[in-house]
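Here, each number is a calculation from the coordinates, and none is a lab measurement. Keep in mind it's a predicted model, so treat the numbers as computed, not measured. No Cβ is skipped: glycine too gets one built from the backbone with ideal geometry, and neighbour counts run over all protein chains shown.
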Amino acid sequence: MRAFHLTGGGIDGLELRDVPTPEPGAGQVALRVEATSLNYRDLMIARRLGGDRIPLSDGAGVVTAVGDRVSEVSVGDRVAATFFVDWVDGTPFAAVHDKARGGTVDGMLAEVVVADAHSVVPVPAGWSSAQAATLPCAALTAWNALMEGRRLLPGQTVLLLGTGGVSVFGLQLAKAAGARVIITSSSDEKLERMRALGADVTVNYTAEPDWERAVLDATGGVGADIVLEVGGAGTLPKSIAATRFGGEIALIGILTGAAGETNPFPLVTRCQTMRGVYVGSRRMFADMNAALEANAIEPLIDRVFPFDQAPDAYRHLTSQQHIGKVVIDHT
Ligand SMILES: NC(=O)c1ccc[n+]([C@@H]2O[C@H](COP(=O)([O-])OP(=O)(O)OC[C@H]3O[C@@H](n4cnc5c(N)ncnc54)[C@H](OP(=O)(O)O)[C@@H]3O)[C@@H](O)[C@H]2O)c1
């Protein structure tokens, strides 16, 4: 089978190799991977990781073989792999990070992948592998942020930053939950697409650098109930200012960089909660799939690249021209 390997040297260091097809052992399944999707994390990993690793956390496909003692899935099932191999349920523990696909262990950018049976999830009914491949990281992170902390209620307001993978799923899930959505973007054209997807209020953060004021204006001076904070140090003070008293800031991303200083005191006086969100467990993934199915949500796929052209998919994500998800078709 063929698989891409990161070899150091960033995206240009991606190498397509012929390698032996892996066989499932006891408790494992083999997947014919039909599609993968990219996340911002994959760009960071390509930049930073030396050594030799099959990249990408997100992929979906069809089970082609099962090892001994596998009862959860059968040959022919369409499944997605989980981001963390061993975070099945409950609170996360330090060791989950030892097996994060496409980072600390090999990922999905291959024609065949062997996975522990507890690390795959049936895809929502009727979904293609291309659609299901968008879910394991971005969608589950948005779900975790909205449903596993303060838990969003109908009528509450959600603030989303930018129109990348996490934020667009955040919009779709928040609307399905009956919330009001405010979303920002650098592009009026992208904001128009977000209104078509149900966004109630849109703010161009380039035209309005003080976008937190626009959020306050749109909420009668109160602020959002939950913020999906994907910007990091460069946006956090504004996100705090745009969150209501008693509201929750889900700390997710570092689009503006990992380092920086933020004064935490406003959290105290505003009685706000800040919660680190790191993707989610297999149980959360299954709960999310039920919600996606019940609400007929379809992922927003920006572009699909053929397997051989995976490096171009990376370049497209790097350009930030995309809205939602960038997918690679392995078939
Ligand atoms: N903690 C976790 O578990 C977790 C999981 C997934 C992702 N993340 C992190 O969350 C972030 C987003 O990930 P993603 O995969 O959704 O990214 P993505 O799809 O690559 O999103 C990129 C988009 O973010 C927007 N953006 C860039 N700079 C911005 C800024 N300063 N303010 C507001 N929006 C900005 C842009 O949208 P516009 O063109 O519309 O402005 C850009 O196209 C990344 O930092 C990623 O590492 C964390």
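Under 16 Å from the 7 Å Cα→Cβ point of residue 320, by amide nitrogen: which residues of segment 34-49? In segment 34-49, the label zone of residue 320 (backbone N under 16 Å from the point 7 Å along Cα→Cβ) covers 39-44. Spacing of the modelled spin labels on residue 290 and residue 222, each 7 Å from Cα toward Cβ, amounts to 2.9 nm. Reachable lysines from residue 325, Cα under 17 Å, same-chain residues fewer than 8 places away excluded? Partners found: 190.
Between 74, 185, 57, the GNM of the chain built on Cα springs shorter than 10 angstrom shows 74 fluctuating the most. Can you give the longest stretch of the chain with no exposed loop site, where a site means trypsin sites (Lys or Arg not before Pro) in a DSSP loop (not H, G, I, E or B) with at most 13 other C-beta atoms within 10 Å? Between exposed loop sites, the widest span is 152-331.
Please compute the length gained on full extension between residue 26 and residue 186, using 0.36 nm multiplied by the number of residues separating them and subtracting their Cα-Cα distance. Don't skip to the end; give the middle numbers.
Working: separation 160, 0.36 × 160 = 57.60 nm, distance 4.92 nm.
Answer, rounded to one decimal: 52.7 nm.
How high is the FRET efficiency from residue 17 to residue 98, r the C-beta distance, R0 35 Å, rounded to 0.05?
Working: r = 25 Å, r/R0 = 0.71.
According to the calculation, E is roughly 0.90.
Length gained on full extension, residue 7 to residue 68, computed as 0.36 nm times the residue gap minus the Cα-Cα distance: 18.6 nm. The distance between label points at residue 303 and residue 262 comes to 3.1 nm (points 7 Å beyond Cα on the Cα→Cβ vector).
Pull out the extension gain between residue 245 and residue 213, defined as 0.36 nm times the separation in residues minus the alpha carbon to alpha carbon distance; nm, one decimal.
Numbers: separation 32, 0.36 × 32 = 11.52 nm, distance 1.53 nm.
Taking residue 245 through residue 213 to full extension adds about 10.0 nm, to one decimal.
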